[in-house]
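Just so you know, all these numbers are worked out from the coordinates, no wet-lab data involved. Since we're looking at a predicted model, the values are computed, not measured. Every residue, glycine as well, gets a Cβ built from its backbone with ideal geometry; the counts of neighbours run over all protein chains shown.
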Amino acid sequence: MSPNAGPIILGIESSCDETAAAVLVNGVVRSNVIAGQEVHRQWGGVVPELASRAHQEHIVPVVDRALKEAGVKLQDLDAIAFTQGPGLIGALLVGTCFARSMAQALSIPLIAVDHVRAHALAHFIRDGEERPVPTFPFLNLTVSGGHTRIVRVDSPLLMTVLGGTLDDAAGEAFDKGAKMLGLPYPGGPLIDRHARDGDPQRFTLPRPAITGYDMSFSGLKTAFKDLVRKGTEQDPGFVERELPHLCATLQRSIVDILLRKLSKAAREQDIPRIALAGGVSANSALRQGTLDLAAREGWEAFIPPFAYCTDNAAMIAMAGHFLHLEGGHAGLDVVPLARTEG
Ligand code: KG4
Ligand code: ZN
């Protein structure tokens, strides 16, 4: 460990379609570099094989830039943290092999990070901006294109999954709904934008009746598809005319499902701290809904800056930082995992 300053951790993320690298010095971001993959746009979703190839192309320049921007030399690093899973296995393999080789070449510890857990630790990333940090325990709603979970966080290393989606992730529900409206991938941000001019009460969509903290979006998806199909049968210009209202209705339904469960968990677990993480936490209705819920109930709400909500390597390095302090190192024979326990 470097004297005084605390550990210098390189984080590497390659679980889906972003190749990312970040350097954290004692939990403070020195660099946070992301290379997205435009190649998937034309296919309307992430193509795993193309993702792996793009990771292979990007990983060296991305890590190189992260080190340069941080002003950190290879020999300054104390440990390398990488996303072990969950994610696309071919994509994960690129980051895992790269991190393994680098740790071996530098003779420094390797840290295997669970991507979904890392999302919940994004709240602790420091970058010079003053922000409230949740105290433990808190409830984190992790919502992205790949995952939707409510996690009870008792410490950086002690998390319990209370519930999650039984089918699609919340981001998928946004993206699939957007596709039905003819919007390009990823449609989530576009739904958000159009919804601003729409009336969320114009149409009615069902809410799933699931007990506990689990959620489901497939019934909503089918109902939305029917709504669009029937409307278009009667009037070919239906989607164009009703676009803002369709977006607002879908958005309201997804956000309702998420916030009802988060609210239920906070009440029943008696934890007055709710937090968001993951790409969907960029959604303006979800952000506002979370803040309103907390204000109504007298709870605290925490939403990290957007750069740490979407897939990024700063959160991987942050999770790595906590694991490093506890000696949570991996062997050089560590393998990627498409699925993790959470
Ligand atoms: O965390 P993330 O960057 O990657 C995954 O791990 O999946 O999340 C991406 C997801 C996509 O489904 C995207 O449509 C959704 O987050 N998303 C949004 C918004 N911004 C991103 N969904 C709704 N409203 C937004 N403003
Ligand atoms: Zn993610």
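Say we join alpha carbon atoms closer than 10 Å with springs in a Gaussian network model of the chain; which of G71, G11, G128 then has the biggest fluctuation?
G128
Check which residues have an amide H placed less than 5 Å from D167's amide H, if you skip close sequence neighbours.
F217
Pick from V63, V143, V280: which residue has the top mean-square fluctuation in a GNM of the chain where Cα pairs under 10 Å get a spring?
Highest fluctuation among the options: V63.
Where Lys and Arg each count +1 and Asp and Glu each count -1, what net charge lies around P137 among other residues with Cβ under 9 Å from its Cβ?
+1
Going down the list K230/K264; K176/K230; K225/K264, which pairs span over 23 Å between their C-alpha atoms?
Beyond 23 Å between Cα atoms: K230/K264; K225/K264.
Count neighbours as other Cβ atoms within 10 Å of each site's Cβ, and list the GluC sites (Glu not before Pro) in region 121-224 that are DSSP loop with at most 13 such neighbours. The partial results should precede the final answer.
Numbers: sites: E129, E130, E172; in loops: E129, E130.
Those that pass, being in a loop and sparsely packed, are E129, E130.
Find which of A170, A81, V33 sits farthest along the positive direction of the dipole of the chain, computed with +1 on the beta-carbon of Lys and Arg, -1 on that of Asp and Glu, about the Cα centre.
Going by the Cα projections, it comes out as A170.
In whole Hz and in residue order, list the ³J(HN,Hα) couplings for region 147-152 that follow from phi through the Karplus curve 6.51 cos²θ - 1.76 cosθ + 1.60, θ = phi - 60°; x for Gly and Pro.
9, 8, 9, 9, 10, 8
Relative contact order for region 169-282 using alpha-carbon pairs under 8 Å, separation at least 6, rounded to a whole percent?
34 percent
Karplus couplings for region 60-74 from phi (6.51 cos²θ - 1.76 cosθ + 1.60, θ = phi - 60°), rounded to Hz, Gly and Pro as x?
5, x, 5, 5, 4, 5, 4, 5, 5, 4, 7, x, 10, 8, 3
Of A295, A275, A99, which has the largest mean-square fluctuation in a 10 Å C-alpha GNM of the chain?
Top of the fluctuation ranking is A295.
Run through the DSSP bridge list for region 138-304 and note the antiparallel percent, rounded to the nearest 5.
Approximately 60 percent, going by the DSSP bridge assignments.
May I ask what percent, to the nearest 5, of DSSP beta bridges between residues of the chain are antiparallel?
Of the beta bridges lying entirely in the chain, close to 60 percent run antiparallel.
Would you mind checking which residues have amide H under 5 Å from A330's amide H? H placed 1.01 Å from N; only 5 or more apart, or other chain.
Close amide H contacts, sequence-distant or interchain: L110, I111, A112.
Hey, what's the per residue convex hull volume over the C-alpha atoms of the chain, in cubic angstrom?
Working: hull volume 44.2 nm³, N = 342.
Convex hull volume per residue, Cα atoms: 129 Å³.
How about region 1-102: which trypsin sites (Lys or Arg not before Pro) there are in a DSSP loop, with at most 16 other Cβ atoms within 10 Å of their Cβ?
K73
What does the charge count around T222 come to, taking other residues whose C-beta lies under 13 Å from its C-beta (Lys +1, Arg +1, Asp -1, Glu -1)?
Around T222, the surrounding residues sum to +2.
Give the distance, in whole Å, between the Cα centre of region 273-342 and the Cα centre of region 79-157.
The two parts, judged by their Cα centres, are 8 Å apart.
Thinking of region 138-304 as a set of Cα atoms, what percent of all their pairs are more than 26 Å apart? Don't jump to the answer; show the numbers that get you there.
On the way: 3623 of 13861 pairs.
Every Cα pair in region 138-304 considered, those over 26 Å come to 26 percent.
Output the peptides 175-181, 326-332 sorted from most to least packed, where packing is the average of other Cβ atoms within 10 Å over each peptide's residues.
The packing order, highest mean first, is 175-181, 326-332.
Around V47, what is the net charge, scoring Lys/Arg as +1 and Asp/Glu as -1 over all other residues with Cβ under 11 Å from its Cβ?
After counting each charged neighbour, the total is 0.
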